[in-house]
Amino acid sequence: QNTDFRGIHGGTIEGVRRSLDYLHELGATCLWLSPLHPAETYHRYDSKDYDDVDPVLGTRNDLKRLTSEGSKLDMRFLMDFVPSHLSWHHPAFLDAQRDRNAPTASWFTFYQYPDRYRTFLDLAPFLPSINTDDPGARQHLIDSAVGWLTEYGISGFRLDHAIGPSMDFWVAFRAATKQARSDSFTVGEVTDT
């Protein structure tokens, strides 16, 4: 078992694109793409930029080419989206830690400023939780999701840790994504003890 969390695991967007005909022959109608955002870990659930593609995977144009060619084969693309937490090296979090009056400071919950803050399951300091009820954080996340739908051909989202954000966030998220793309779909991942 590979335990190198910073190593490269898996393929590239171009590799998926080259496999479309094969996947179509298998009967695949939807491809689930793991998080695509730049990150420090192989799993990319620690986004450093919600609006870009990790260069290890390819480019935005590679993604557009993949979804365009896949749609010709009646394939849809489900993208992993992580609105509950991000990387502790995301610019919004770094700004919040440097300046408690930064515009993004209210995106996060600090128990003891600047080094004790709410994190994913309150266990992972490298994954600060996002206050999705903050208007700025909410708008940033929703604008990003809408961009993936409208600019890159993503069909919908697998929403990581869907019990993290509030119901108010999800109502706003779903209204915006349906308005941007009426056939978009969402799948919430919820695990709890």
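The values are calculated or read from the model by the stated rules, or taken from the named source; none is laboratory data. Predicted, not measured: the structure shown is a model, and the values here were computed from it. Backbone-built Cβ (ideal geometry, glycine too); neighbour counts: all protein chains shown. Remember, those area values only see protein heavy atoms, side chains included, never the ligands or the DNA or RNA. Shrake-Rupley method; radii C 1.70, N 1.55, O 1.52, S 1.80 Å.
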Residues of the stretch 154-174 that turn out to be of a type outside the set (A, V, I, L, M, F, W, C) and outside any loop (DSSP other than H, G, I, E, B), as a count: 4
Which numbered condition Val190 misses (of (1) of a type in the set (A, V, I, L, M, F, W, C); (2) modelled with pLDDT under 95; (3) open to solvent by less than 70 Å² (accessible area, probe 1.4 Å)): (3)
From the options Asp160, Asp143, residue that is out of contact with any Lys or Arg (no Cβ under 8 Å at 6 or more places or on another chain) and either open to solvent by 40 Å² or more (accessible area, probe 1.4 Å) or among the small types (Gly, Ala, Ser) (or both): Asp143
Pairs where the first residue, in the stretch 86-99, is more than 19 Å from His37 (Cα to Cα) and in contact (Cβ under 8 Å) with a residue 12 or more places away in the chain and the second is assigned to a loop (DSSP other than H, G, I, E, B) and open to solvent by less than 50 Å² (accessible area, probe 1.4 Å), C-beta under 6 Å, 6+ apart: Ala96/Ala102; Ala96/Thr104; Ala96/Phe108; Gln97/Pro114
Total residues in the stretch 118-130, condition open to solvent by 50 Å² or more (accessible area, probe 1.4 Å) and either assigned to a strand (DSSP E or B) or in contact with a Ser or Thr (Cβ under 6 Å, 6 or more places away or on another chain) (or both): 4
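Out of everything in the stretch 30-78 that is hydroxyl-bearing (Ser, Thr, Tyr) and open to solvent by 40 Å² or more (accessible area, probe 1.4 Å), what residue ends up being farthest from Asp183 (Cα to Cα)? Before you say what the answer is, go through the steps one by one.
Step one: of the stretch 30-78, the residues hydroxyl-bearing (Ser, Thr, Tyr) are 34, 41-42, 45, 47, 50, 59, 67-68, 71.
With open to solvent by 40 Å² or more (accessible area, probe 1.4 Å) added as a condition, the list becomes 34, 42, 45, 59, 68, 71.
Working: Ser34: 21, Tyr42: 30, Tyr45: 25, Thr59: 25, Ser68: 16, Ser71: 13 Å.
Among residues in the stretch 30-78 that are hydroxyl-bearing (Ser, Thr, Tyr) and open to solvent by 40 Å² or more (accessible area, probe 1.4 Å), the one farthest from Asp183 (Cα to Cα) is Tyr42.
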Any hit, the stretch 88-97, residues being out of contact with any Gly (no Cβ under 8 Å at 6 or more places or on another chain), open to solvent by 20 Å² or more (accessible area, probe 1.4 Å) and within 20 Å of Gly15 (Cβ to Cβ): no
Lone qualifier among His37, His24, His89, His43 - being under 22 Å from Thr186 (Cβ atoms) and modelled with pLDDT of 95 or more: His37
